[in-house]
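Before any comments, here is the structure.
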Amino acid sequence: MFLIVKVCFIVIGGTVLALGVAHEFSWWKRRTWTRGKGVIVGFKEREGDGVNYAPEIQFEGPAGIIRFTSGYESSRKPRLDEVVEIVIDEAGSSAEHFTWVNRFLSTLFTIPLGVLLVIVGLAMQPGLAGRARSSQCDCSKERCTCY
């Protein structure tokens with residue numbers, strides 16, 4: 001049972017860490033994209049743990065007006081006609097909604113959490129119950145002494 005818990009900590013921690021690194025890598029690839037402005041023209045509702053809203057954003061690209069749905073959802077309903085910051089690729093055909101929460105929260109939460117879970121899993125030692133079964137105790141005096 002102990003080994004199962006230890007492996008679960010390491011596997012779950014490794015998965016969380018990998019998701020954080022993948023998120024950071026996706027933004028790292030966007031480092032050369034330019035910042036621009038877009039307008040929220042709609043949103044898509046997605047059911048999950050409550051309702052989440054993914055904003056539909058429109059911006060002027062080299063080939064005309066481009067509309068996209070952000071990959072980042074929020075429990076707050078987006079305000080229509082709100083001007084938001086976006087990052088746009090070199091060709092001007094792809095973009096993503098840029099906020100500090102979208103950019104950094106997932107990375108700053110998942111990577112340290114993943115590292116912590118892996119470290120806890122690797123550092124786990126069998127508890128006192130496991131040691132007491134394998135040790136000998138002398139309980140002839142007032143207190144028990146185990147060795």
task = Test each condition in (1) touching a Ser or Thr at 6+ places or on another chain (Cβ under 8 Å); (2) assigned to a loop (DSSP other than H, G, I, E, B) for Gly71 and report the one that comes out false.
result = (1)
task = Please find, within segment 93-107, the residue that is nearest to Lys6 (Cα to Cα) out of those that are surrounded by 13 or more Cβ atoms within 10 Å (Cβ to Cβ) and among the aliphatic types (A, V, I, L, M).
result = Leu105
inquiry  = Any residue in segment 66-87 that is closer than 17 Å to Glu45 by Cβ sitting within a Cβ distance under 7 Å of a residue that is of a type outside the set (Val, Ile, Thr) and outside any strand (DSSP E or B)? List the pairs, counting only those 6 or more apart or interchain.
reply    = Tyr72/Asn102
query = Considering only segment 41-58, how many residues are loosely packed, with under 13 Cβ neighbours inside 10 Å and aliphatic (A, V, I, L, M)?
reply = 1
Index of the failed condition, Ile65 passing every other in (1) outside any helix (DSSP H, G or I); (2) at pLDDT below 90 = (2)
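Criterion first (closer than 27 Å to Glu47 by Cβ and at pLDDT 90 or above) does Thr107 satisfy it? Break it down into steps so the answer makes sense when it comes.
Working: closer than 27 Å to Glu47 by Cβ: yes; at pLDDT 90 or above: no.
The answer is no for Thr107.
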ask   = Any idea which of Gly20, Gly38, Gly13 is closer than 18 Å to Ser93 by Cα and surrounded by 15 or more Cβ atoms within 10 Å (Cβ to Cβ)?
value = Gly38
task = Could you figure out which of (1) over 25 Å from Val16 (Cβ atoms); (2) surrounded by 13 or more Cβ atoms within 10 Å (Cβ to Cβ); (3) at pLDDT below 90 isn't true of Glu90?
result = (2)
request  = Being within 17 Å of Thr99 (Cβ to Cβ) and free of Cβ contacts under 8 Å to residues at least 24 places away in the same chain is the filter here, so list the residues in segment 29-57 that pass it.
outcome  = Arg31, Asn52, Ala54, Glu56
note = Subset of segment 105-127, residues hydrophobic (A, V, I, L, M, F, W, C) and part of a loop (DSSP other than H, G, I, E, B), comes to Met124
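The values are calculated or read from the model by the stated rules, or taken from the named source; none is laboratory data. Please read these numbers as outputs of a predicted model, since none were measured by experiment. Cβ: placed from backbone, ideal geometry, glycine included. Neighbour counts: every protein chain shown.
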